[in-house]
1. Which of the residues spanning the stretch A:39-56 are touching an Asp or Glu at 6+ places or on another chain (Cβ under 6 Å), buried (at least 20 other Cβ atoms within 10 Å of the Cβ) and closer than 29 Å to residue B:10 by Cα?
2. Which condition does residue B:17 not pass, out of (1) outside any strand (DSSP E or B); (2) open to solvent by less than 70 Å² (accessible area, probe 1.4 Å); (3) at pLDDT 95 or above, if it passes all the others?
3. Only one of B:89, B:19 is more than 24 Å from residue A:108 (Cα to Cα) and either more than 14 Å from every other protein chain (Cβ to nearest Cβ) or hydrophobic (A, V, I, L, M, F, W, C) (or both); which?
4. Within the stretch A:69-103, which residues are more than 9 Å from chain B (Cβ to nearest Cβ) and in a loop (DSSP other than H, G, I, E, B)?
5. Can you tell which of B:108, B:62 is farther than 27 Å from residue A:34 by Cα and either free of Cβ contacts under 8 Å to residues at least 24 places away in the same chain or crowded, with 17+ Cβ neighbours inside 10 Å (or both)?
6. Hey, can you tell me all the residues within the stretch A:84-101 that are over 11 Å from the mean Cα position of the chain (by Cα) and either open to solvent by 10 Å² or more (accessible area, probe 1.4 Å) or modelled with pLDDT under 95 (or both)?
7. Under 6 Å between Cβ atoms, at least 6 apart or on separate chains: pull out the pairs that start in the stretch B:67-83 with a residue that is among the β-branched types (Val, Ile, Thr) and end on any residue that is in a loop (DSSP other than H, G, I, E, B).
8. Take the residues of the stretch A:41-55 that are in a strand (DSSP E or B) and more than 7 Å from chain B (Cβ to nearest Cβ): which is nearest to residue B:112 (Cα to Cα)?
Amino acid sequence: DTGVSQDPRHKITKRGQNVTFRCDPISEHNRLYWYRQTLGQGPEFLTYFQNEAQLEKSRLLSDRFSAERPKGSFSTLEIQRTEQGDSAMYLCASSVGNQPQHFGDGTRLSIL
Amino acid sequence: AQKVTQAQTEISVVEKEDVTLDCVYETRDTTYYLFWYKQPPSGELVFLIRRNSFDEQNEISGRYSWNFQKSTSSFNFTITASQVVDSAVYFCALSEARDTNAGKSTFGDGTTLTVKP
């Protein structure tokens, strides 16, 4: 069990650029979640996958955000035309069914 | 809609003191899970406990104990004989228990605990 892995750990980019984050869940975990956490707040749910199917998206996930999990293993979260308000920690978690979620270390996004 | 409130933003104690972190939740669901997570300075959320809404038994794990009271919609967390290593942000979270919901969690805003030597 190598844990949930997220890449990169930090991303600094200019406003308007596109960014993509990757999450590798614990192997054999069929569910994968993306959350966003800003300073002083708890994680906010963005979207989740069961295997390769994206089953729910939060209203927080504007049309500039897209997530994929093409083979039911790793997932990517892309943000297009980044804005200042996108600066946050993006957390990935995985689980087996409805069991407790295991979180990765997150990707910290800073928009200049 | 679900909501989790952690009214204590920051708590500071001296080592060996006991400390209780409060959590109050709102949900319309009759079946749900409650969680506590620890987020140390390194940033990774560490799962501590999950309780099913049908199980109101208090639980003790070493220096940690949890008091779940459905009547007051509270799920409080007590650390006994606190240690410096307990310093972290602690999050309470709530999720529906229906399998079709997939267990997405609603988190509180966290309580920052500082334990001074």
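1. Residue satisfying the conditions is A:42 alone.
2. (2)
3. So the residue among B:89, B:19 that is more than 24 Å from residue A:108 (Cα to Cα) and either more than 14 Å from every other protein chain (Cβ to nearest Cβ) or hydrophobic (A, V, I, L, M, F, W, C) (or both) is B:19.
4. Our first condition is that a residue be more than 9 Å from chain B (Cβ to nearest Cβ); within the stretch A:69-103, this holds for A:69-88, A:90, A:92, A:94, A:96.
The answer is A:69, A:70, A:71, A:72, A:73, A:74, A:80, A:81, A:82, A:83, A:87, A:96.
5. Numbers: B:108 fails: farther than 27 Å from residue A:34 by Cα.
Criteria check complete, one pass: B:62.
6. Scanning the stretch A:84-101 gives A:84, A:85, A:87, A:95, A:96, A:97, A:98, A:99, A:100, A:101.
7. Between residues of the stretch B:67-83 that are among the β-branched types (Val, Ile, Thr) and residues that are in a loop (DSSP other than H, G, I, E, B), the close pairs are B:79/B:63; B:80/B:18; B:80/B:63.
8. If we take residues in the stretch A:41-55 being in a strand (DSSP E or B) and more than 7 Å from chain B (Cβ to nearest Cβ), then A:44 is nearest to residue B:112 (Cα to Cα).
The values are calculated or read from the model by the stated rules, or taken from the named source; none is laboratory data. Please read all numbers here as calculations on a predicted model, not as lab measurements. Every residue, glycine as well, gets a Cβ built from its backbone with ideal geometry; the counts of neighbours run over all protein chains shown. These area figures cover heavy atoms from the full protein model, side chains too; ligands, DNA and RNA do not enter into them. Shrake-Rupley method; radii C 1.70, N 1.55, O 1.52, S 1.80 Å.
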